[in-house]
Amino acid sequence: MDEGPKLLSRFTWLPLLVAVLLFTGLGGLVSWQWYVLQASDRLESEQDFELTVDDIAQRIADRMRAHEVLLRGMAGLFADSSEVSRQVWQQAASQLQQSYPDIQALGWAHYLPKQQLQAFLEGERQSTGAALQLFPPGIRDDYLIVTYLAPPDALSLSVPGFDILSEPLRRQAVEQARDSGAAVLSGPLHLQQQSAPAAPSGVLLFIPVYRPHAPLGSLGERRAALLGVVYGAFRTEELLAGLLGKRSALFQLQLADSGASDAPLLSAQVVGQHPPLLQQIRELELYGRHWRLAVSSTPQYEQTLGNSSRSFGLWGGLLAAALLALLAGGYLYLRDRAQASRQLLSERLNEREERFRLVVEASPNAVVLVDAQGLIVMVNRQTEQMFGYPRAQLLNQPVEMLLPQALRPNHVGMRQGFQKAPEPRRMGGNRELFGQHREGQLIPLEVGLSPLRSGMDVLVQAVIIDISARKAAEERFRLVVEASPNAIVLVDSQGLIVMVNQQTEQMFGYPREQLLNQPVEMLLPESLRAAHVGMRQGFQKAPEPRRMGGSRELFGRHREGQLIPLEVGLSPLRSGDDVLVQAVIIDISARKEAEQRLREQAEQLALANRYKTEFLANMSHELRTPLNSILILSDQLKQNSTGNLTGKQVQHADIVHKAGSDLLQLINDVLDLAKVEAGRVQLSLEPLNVREMLQELDASMRPQAELKGLRLLRRVADDVPQMILSDRVRLHQILRNLLSNALKFTDQGEVELQVSIESSGLEPTVTCLCLVVRDTGIGIAAEQHERIFQAFQQLDGSTSRRYGGTGLGLAITRQLIEALGGDIQLQSQAGQGSEFTVRLPVEVLSEPALAALRVAAEQLALPSVNDAPGPRQLQGQHVLLVDDDVRNIYALMALLDELGLRVTAARDGVEALACYQQARFALILMDMAMPNMDGYTATRLLKQEYGCVIPIIALTAHAMKGDREKCLAAGADDYLAKPVARQELLNLLYRWLDRPRGGDHAAAK
């Protein structure tokens, strides 16, 4: 509430009017008296200043006349003779300058017409021994040349040899002096020759000197008799510097030549920020010039006028008048203000009481105000509703009427104790407190007490909260805790257990009575209890929900001593000013047992997988070993190179070879499936010529198509790049499987392979090679589309019997496509053919990339098949064949003999080492699985101990992942899996037998 308007409304007009009238009368009287004195002082000051200015003007005139007398004295040297020596001139000039230091320079200038110039200059050179330089140079009608100059340091003011008539201002003054015969002043000019415009301003006083005894009556006679001039140079500032003496700071002087308004003789300096109080101007006529002298007062001079004392008197009188007016008005004002303040204080008290009453009435809680005798002096509407009494029955009654009968006697003493030490406090938080309704039922309460001072008395304000709803909520919370399937423990800030549920009793084996008000550490192992105290205190400082026991093991302790694996969730619960911690405890014993069972099962599965891998490796070796001899011998019989077999026998050999090849394909499919399912497919990315690979594939598949009378079509889009980066073997295997299936299940019509390039739908920057295999075969029903991609699955049993196969081809194909990052899609209906679409992400190789790959390939220094020797170059080469299987030795020796090679056989590694030392060999074919000493050991010894440098080709029936790397790590130069194909063996022989013949053990040694 704004108090200003009330005070102003009570401020009467009388104090202000009395103060204004009193100040106006006294102030007017003081101001009139000051004005009279000030006018008298100003008139006196102006008269004194005018006399001072007259004195300054007279001093200037007197000083110039004294200078004229001095110059005329110097001119008197030439009265008897026109020739005066330089020594006489300097001596006279120095004596005069000691008496008149304000003369800057004294000079003698000789006048001569132009006809006498050269003679004069020559005479000066002879008399002084130095040439006199004319300045400024040039030919003029007459000259007035400075000849003598004193003092010698006055060269800055004039220069010997200077022609005074060459400068207009000087010439004007000289001619005026010559014609009048009197002293003449020049106009303002810069005294320094060849100086900047900022050079000091000054004047020259010229005295004409005529030839002795020459007539001077007329103007013409004076002009004809001119001998020269004596002149004095004066700087204006130095000329006037000594005029004022100690009073120089009291006045500002400005001197100007009326005939030269643009060149003041002396400029006034600005002193202070205000215009001068006094100023006088005097006109001076001096030696043919009209000077204007302006004199102004300075702040220092104005301070001496005595105005400040008059001002102090004025302000002192006005201040005294103001104080007297304020005293009179203030007395009247304070009297009225005291009356207004008493009235305002009364209104404030009434307003505060009304606001307090409104606040109490608006409180959501019951409020009771009690005096020092314990009588109720105020209640609000909530008090009436809470206790059931009307307000009239509560006022002026003892506050104990709101308590149960049993508590009333004790409450009187407690109330009196509060009156002795009245401080705010809260009651009912830690222990139960009850009030009593008018009807007799008890009400659970929380009470906040606050002292209120009213004069000398102390009132007590009790804010009463009905916590019946809170009690009901706590009961509901207790029921929820009891119904929880997990153990729940509630801990206070001191670490004491304040609540547990039935599950806690069952989990830890303690009855509830033994847990309440006990440290929570009793539920932990003894080794963890000390550390847990610090952790609990840390949680109290930063209470945030957290979970424990998930990343590392956490244990509780049963009453009987056994440890219980636990997970604990902690949550802070605020209860008034206290922070409780709710711990939800989960017994994870069953989970731990399940995890242990899963670990054991995983170990068993890993062991079974290892057994399966070892079984497949052993079975691969055992199956490939006899197949090696079967395929080699049947291929030789089929070739019938000697021509001693009948056609039927050749046909039988061909059937045997095809059956062995089918069996080998089955073994390879099983191994491929095992690798794919185990995720151990290794990709070998290399530059791949797409069109060459398609031609090779066409050449291998076309005989099968022609045998069935089918058309095999191949369409390659123009935008398909020449070279890509991919796995040649896997891509060839994918296309071979798809084309083989298409040819197998197509009896008439055609099989078509389409190759194109398209961008990936998810990543437009990725290039995909799109392969489409379309046939006109039996087709596949829609419900069978997913089934045929599963291992060992065909359309039905009749399909297997009619067309053969194991059902592994498409399963392996899809796994290989996914390993290459691609996908396969099928579109087919029963009886209408099939269309398989494969999309593989590839990297298109540019010409720079191909060049880099060619360089890398050349650096490997591996011979290529194209550069290998022909069959004639194999003739007579000596090969060491090491194998423990007689059948393999027989079959391989027969093939090598057919190629014209000489073969020595060894049954194990020991025999191989002995043979190597006894003969020279061009190449060693080493079986890796042999008794006594296996091929790995023999190869390692040959390379490391015997220094073998001839190529060693590893022969092994092991075709599982890592077998090739294992052979190469032992020292083998190349690897060939059994059963050995004729063409693969030929390629290896052509490749490695192109090495120098000297690469045997003898050469190595």
Problem - Residue count for the stretch 576-629, restricted to those that are at pLDDT below 70 and under 30 Å from Q537 (Cα atoms) - result: 2
Exercise for the section: Tell me, please, whether a residue that is within 20 Å of T813 (Cβ to Cβ) and either modelled with pLDDT of 75 or more or part of a helix (DSSP H, G or I) (or both) can be found in the stretch 649-662. Expected result: yes
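What about G73, is it touching a Leu at 6+ places or on another chain (Cβ under 8 Å), free of Cβ contacts under 8 Å to residues at least 60 places away in the same chain and outside the structural domain of G181 (by TED's automatic domain parsing)? Show your work before the answer.
Values: touching a Leu at 6+ places or on another chain (Cβ under 8 Å): yes; free of Cβ contacts under 8 Å to residues at least 60 places away in the same chain: yes; outside the structural domain of G181 (by TED's automatic domain parsing): yes.
So G73 fits the description; yes.
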Practice task
Look through the stretch 86-99, keep the residues that are free of Cβ contacts under 8 Å to residues at least 12 places away in the same chain and within 29 Å of Q126 (Cα to Cα), and return whichever of them is surrounded by the fewest Cβ atoms within 10 Å (Cβ to Cβ).
Solution key: Q87
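Table: residues versus (1) within 21 Å of S493 (Cβ to Cβ); (2) without any contact (Cβ under 8 Å) to a residue 60 or more places away in the chain; (3) among the aromatic types (F, W, Y); (4) touching a Leu at 6+ places or on another chain (Cβ under 7 Å).
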| residue | (1), (2), (3), (4) |
| --- | --- |
| P543 | yes, yes, no, no |
| G549 | no, yes, no, yes |
| L554 | no, yes, no, yes |
| E560 | no, yes, no, no |
| I564 | no, yes, no, no |
| L573 | yes, no, no, yes |
| L580 | yes, no, no, yes |
| V584 | yes, no, no, no |
Exercise for the section: Count, please, the residues in the stretch 935-981 that happen to be small (G, A, S), more than 19 Å from D908 (Cα to Cα) and touching a helix residue (DSSP H, G or I) at 6+ places or on another chain (Cβ under 6 Å). Expected result: 2
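In the stretch 390-399, what count of residues is obtained for those that are within 15 Å of L369 (Cβ to Cβ) and either assigned to a helix (DSSP H, G or I) or among the aromatic types (F, W, Y) (or both)? I'd like the intermediate steps shown before the answer.
Of the stretch 390-399, the ones within 15 Å of L369 (Cβ to Cβ) are 391, 394-399.
Filter again for either assigned to a helix (DSSP H, G or I) or among the aromatic types (F, W, Y) (or both), leaving 391, 394, 399.
Residues that pass the stated criteria total 3.
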Exercise for the section: Please verify whether the stretch 467-474 includes one or more residues that are under 30 Å from Q502 (Cβ atoms), surrounded by 13 or more Cβ atoms within 10 Å (Cβ to Cβ), out of contact with any Ser or Thr (no Cβ under 7 Å at 6 or more places or on another chain) and at pLDDT 85 or above. Expected result: no
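Give the residue, chosen from S311, S341, S296, that is hydroxyl-bearing (S, T, Y), surrounded by 14 or more Cβ atoms within 10 Å (Cβ to Cβ) and either at pLDDT below 75 or assigned to a helix (DSSP H, G or I) (or both).
Step by step, each of S311, S341, S296 is checked, and only S341 is hydroxyl-bearing (S, T, Y), surrounded by 14 or more Cβ atoms within 10 Å (Cβ to Cβ) and either at pLDDT below 75 or assigned to a helix (DSSP H, G or I) (or both).
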Practice task
Output yes when any residue across the stretch 151-165 is surrounded by 12 or more Cβ atoms within 10 Å (Cβ to Cβ), more than 25 Å from R289 (Cβ to Cβ) and among the aliphatic types (A, V, I, L, M), and no when none is.
Solution key: yes
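Run down L955, L968 and say which single residue is in contact with a strand residue (DSSP E or B) (Cβ under 8 Å, 6 or more places away or on another chain) and either at pLDDT 95 or above or in a helix (DSSP H, G or I) (or both). Give the derivation first.
Numbers: L955 fails: either at pLDDT 95 or above or in a helix (DSSP H, G or I) (or both).
Result: L968 is the single residue among L955, L968 that is in contact with a strand residue (DSSP E or B) (Cβ under 8 Å, 6 or more places away or on another chain) and either at pLDDT 95 or above or in a helix (DSSP H, G or I) (or both).
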Handout entry: Filter pass, E677 being surrounded by fewer than 19 Cβ atoms within 10 Å (Cβ to Cβ), under 24 Å from T813 (Cα atoms) and modelled with pLDDT of 70 or more
Key = no
Problem - Counted residues, the stretch 517-531 - those being assigned to a helix (DSSP H, G or I) and either within 18 Å of R559 (Cβ to Cβ) or outside the structural domain of V500 (by TED's automatic domain parsing) (or both) - result: 8
Handout entry: Checking S180 against (1) at pLDDT below 90; (2) under 24 Å from M64 (Cβ atoms); (3) of a type in the set (G, A, S), the condition it does not meet
Key = (1)
Problem - Given (1) touching a helix residue (DSSP H, G or I) at 6+ places or on another chain (Cβ under 7 Å); (2) of a type in the set (S, T, Y); (3) at pLDDT 85 or above, index of the condition S484 fails - result: (3)
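For the stretch 706-729, give me each residue that is within 19 Å of L820 (Cα to Cα) and under 49 Å from the mean Cα position of the chain (by Cα). Spell out how you get there, then give the answer.
Restricting attention to the stretch 706-729, the residues satisfying the condition of being within 19 Å of L820 (Cα to Cα) are 720-721, 723-729.
Within the stretch 706-729, V720, P721, M723, I724, L725, S726, D727, R728 meet the criteria.
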Practice task
Name the single residue, out of those in the stretch 748-776 being more than 19 Å from L731 (Cβ to Cβ) and modelled with pLDDT of 90 or more, that is farthest from the chain's Cα centre (by Cα).
Solution key: Q748
Practice task
Could you tell me whether the stretch 222-232 includes any residue that is surrounded by 13 or more Cβ atoms within 10 Å (Cβ to Cβ) and free of Cβ contacts under 8 Å to residues at least 12 places away in the same chain?
Solution key: yes
Handout entry: Single unsatisfied condition, P275 versus (1) at pLDDT below 90; (2) touching a Lys or Arg at 6+ places or on another chain (Cβ under 8 Å); (3) not hydrophobic (A, V, I, L, M, F, W, C)
Key = (2)
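Scan the stretch 100-111 and tell me whether some residue there is in contact (Cβ under 8 Å) with a residue 40 or more places away in the chain and either outside the structural domain of I145 (by TED's automatic domain parsing) or part of a helix (DSSP H, G or I) (or both).
Taking the stretch 100-111 as the starting set, the residues that turn out to be in contact (Cβ under 8 Å) with a residue 40 or more places away in the chain are 102-111.
Imposing the further condition that a residue be either outside the structural domain of I145 (by TED's automatic domain parsing) or part of a helix (DSSP H, G or I) (or both) reduces the set to none.
Within the stretch 100-111 (the criterion being in contact (Cβ under 8 Å) with a residue 40 or more places away in the chain and either outside the structural domain of I145 (by TED's automatic domain parsing) or part of a helix (DSSP H, G or I) (or both)), the answer is no, since none of the residues qualifies.
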Exercise for the section: Find all pairs meeting these conditions: Cβ atoms under 6 angstrom apart; at least six residues apart or on different chains; first residue within the stretch 519-530 and closer than 19 Å to S493 by Cα; second residue among the small types (G, A, S) and in a loop (DSSP other than H, G, I, E, B). Expected result: P519/G495; V520/G495
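Given the criterion of a type in the set (V, I, T), surrounded by 15 or more Cβ atoms within 10 Å (Cβ to Cβ) and under 60 Å from the mean Cα position of the chain (by Cα), identify the matching residue among V367, V379.
Numbers: V379 fails: under 60 Å from the mean Cα position of the chain (by Cα).
None of the others qualify; the one that does is V367.
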Completion exercise
By residue number, the members of the stretch 378-398 that are within 19 Å of Q441 (Cβ to Cβ) and in contact with a strand residue (DSSP E or B) (Cβ under 7 Å, 6 or more places away or on another chain) are Q382, T383, M386, F387, L394
Handout entry: Pair list, Cβ < 6 Å and 6+ apart or interchain, from the stretch 356-382 residues that are polar (S, T, N, Q) to residues that are surrounded by fewer than 17 Cβ atoms within 10 Å (Cβ to Cβ) and assigned to a helix (DSSP H, G or I)
Key = N380/E361
Exercise for the section: Return the residue satisfying two criteria in turn: it lies in the stretch 400-446 and is of a type in the set (A, V, I, L, M, F, W, C) and assigned to a helix (DSSP H, G or I), and of such residues it is surrounded by the most Cβ atoms within 10 Å (Cβ to Cβ). Expected result: L402
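The values are calculated or read from the model by the stated rules, or taken from the named source; none is laboratory data. In this text the structure is predicted, and so the values were computed from the model without any measurement. Note that each Cβ is placed from the backbone with ideal geometry, even for glycine, and that neighbours are counted across all protein chains shown.
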